[in-house]
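Heads up, the thing below is written out as structure tokens.
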Amino acid sequence: MGQPYDAALKPLLIIGDGHNILVDTGIGELPEKYRQFYTVKRKPEHNLKAQLAQHNLNPEDIDIVINTHLHFDHCGNNALFKNATIIVQDNEFKYAQQPERFQEAAYIKEFFDTRASYQLVEGESKITDNVSALPTPGHSIGHQSVVIKAREANYVYCGDAAPIRESLEKRNIPGVLYSSHEAFKSIDRLKTINNATYIYSHDNEQLTL
């Protein structure tokens, strides 16, 4: 029998190439019907605004948001970023509007259906000179991971293609899936990236790099 796991929720701030970029926006205030199923443990200093303030930033200072996908724990604060272009895969955005029944609970429409400026991309996309998005479907239909080049290294924000370390090390795919076949392919693709330092979106043991 599996054990409960207190998953971390870790958006990533990238400052560089003349941009303030946020990868995912975490979980927002859940609707009442979700609260009985999902317990969010969050101290005031872990609030997304408070975390940005530690870098002398406000939500208005973020000009690019990259959503790995639109499940509610990754886009829950999208509405905060009124000056940002939000980049998401085209098929993910369209699917999220009317998901199939087995994926329905993963999407909360009011979290992403905002007046934000969305840029829908298809396949690999170059965000800035050193930041790119890589399709890694499986967990969701249009999941993407983010690669940040820094000198000779590649920092890879896996998103939920590999939410914890053992996902890559043991080739364990997430329990919530759109396609297990695509999920395995995406893990294998991530493992081919050279000089990679992987960032796991839900790993509660990886809190620093």
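Coordinate-derived values only; no laboratory data. Please read all numbers here as calculations on a predicted model, not as lab measurements. With ideal geometry, Cβ positions are generated from the backbone for all residues, glycine too; neighbour counts draw on all protein chains shown.
Quick notes on this structure:
- Shape of region 73-130, Cα gyration tensor, a/c cut at 1.5: oblate
- When region 12-200 is described by a simple charge dipole with +1 on each Lys and Arg Cβ and -1 on each Asp and Glu Cβ, the residue from Asn130, Thr192, Leu22 located farthest towards its positive end is Thr192.
- Taking a ≥ b ≥ c as the square roots of the eigenvalues of the alpha carbon gyration tensor, region 12-200 is rounded, as a/c is under 1.5.
- DSSP beta bridge pairing in region 12-200, given as percent antiparallel to the nearest 5: 50 percent
- The residues packed around Thr68, meaning those with a beta-carbon under 13 Å from its beta-carbon, carry a net charge of -3 if Lys and Arg are +1 and Asp and Glu are -1.
- Of Asn56, Asn195, Asn78, the residue with the greatest mean-square motion in the GNM of the chain, using alpha carbon springs below 10 Å, is Asn56.
- Net charge contributed by nearby residues that have their C-beta within less than 12 Å of Leu30 (K/R +1, D/E -1): -1
- Here Lys185 is the anchor, and the lysines within straight C-alpha reach of less than 26 Å, apart from those fewer than 8 places off in the same chain, are Lys10, Lys94, Lys126, Lys149, Lys170.
- 5 angstrom amide H check on Thr85, placed H, neighbours 5+ away: Ile64, Val65
- Cleavage-rule hits (trypsin sites (Lys or Arg not before Pro)) in region 93-201: DSSP loop, at most 16 neighbouring Cβ within 10 angstrom: Arg115, Arg151, Lys170, Arg171
- With at most 14 other Cβ atoms within 10 Å, longest stretch of the chain clear of loop GluC sites (Glu not before Pro) (DSSP): 30-99
- Each residue of region 56-66 was assigned a 3J(HN,Hα) from its phi angle through the Karplus expression (A = 6.51, B = -1.76, C = 1.60, θ = phi - 60°), giving 6, 10, 10, x, 5, 7, 7, 9, 9, 10, 10 Hz with x at Gly and Pro.
- Region 43-83: C-alpha gyration tensor shape, a/c 1.5 cut-off, then a/b vs b/c: oblate
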